[in-house]
Amino acid sequence: MTGLDKILSQINLDADNTCAVIESRCQKECNEILQEAKLSAEKIKDEAQIKAKKNYDDIIRRAESSAELENRRVLLSARQSIISEMINNSLEKLLSLPDDEYFDVIYKLISKYSLNSDGVIAFNKKDNDRLPADFMNKVSEIGCGKLVLSDSYLNIRGGFVLSFGDIDINCSFDSLYQDNSELISDRVAAILFG
């Protein structure tokens, strides 16, 4: 081997050593970059899973809340329907009471709503036709002012209207039920749903 060959061989050997060192450093840097990328990917994956779990929990919470709200709405609607049906049934029962019981209710209402002055009492045709023979005598015993029976009939299902000059007191059952609907509904609800 000549001196030039030795120099070339040394250059090749040095180049090979330098390449090996560079390749080793590159491999080390690649491994570090890959390790950092894996850690970063794991972190991103963990954050995504946490975010997805939070979104899932939020969706479930909103769905449960919405379902609970809908359940309460349906329950309230059903209760209101039952209460309304019970009130309507009680009004129908009141309207179909036997004459003596029906007019006992009428006497109580006259006593409660009559003013202490002269007035007129008016009924629908059906009630007017079934007035007890002693109706006006019992009315005068109630202790209110003098009432006379109206010549005209009202278009109501039951009850009566008292007139004292310019003052009319509507004691038709429909009107009384309507005027006291909240109180009646509350009492029916308390009885039905405790």
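The values are calculated or read from the model by the stated rules, or taken from the named source; none is laboratory data. Everything numeric here is computed off the predicted structure, so don't read it as measured data. Reconstructed Cβ throughout: ideal geometry from the backbone, glycine too, with neighbour counts over all protein chains shown. Side chains included, ligands, DNA and RNA excluded: accessible areas come from the protein's heavy atoms. Shrake-Rupley method; radii C 1.70, N 1.55, O 1.52, S 1.80 Å.
The figures follow:
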item: Of Lys112/Lys146; Lys93/Lys126; Lys112/Lys138; Lys28/Lys51, pairs whose Cα-Cα distance is over 25 Å; result: Lys28/Lys51
item: Cα-centred dipole magnitude for the chain, charges only on beta-carbon of K, R (+1) and D, E (-1), debye, nearest 20; result: 240
item: Alpha-carbon radius of gyration plus Dmax, which is the widest Cα pair, for the range 1-72 in Å; result: 30.2, 102
item: Contact order relative to length of the chain, as percent, for alpha carbon pairs under 8 angstrom and 6 or more apart; result: 17
item: Cα radius of gyration and Dmax for the chain (Å); result: 47.1, 155
item: Residue order for Asp129, Asp57 - accessible surface, 1.4 angstrom probe, largest first; result: Asp129, Asp57
item: Accessible area (Å², 1.4 Å probe, nearest 10) - Lys53; result: 110
item: MRE, 222 nm, helices only [DSSP H, n ≥ 4, -39500 (n - 2.57), over the chain, to nearest 500]; result: -25500 deg cm²/dmol
item: Residues whose placed amide H lies under 5 Å from that of Gly159, excluding near-sequence neighbours; result: Phe173
item: Charge sum, other residues only, whose C-beta stays under 13 Å from Cys144's C-beta, Lys/Arg counted +1 and Asp/Glu -1; result: +2
item: Among beta bridges that DSSP assigns inside the range 36-194, antiparallel share in %, nearest 5; result: 75
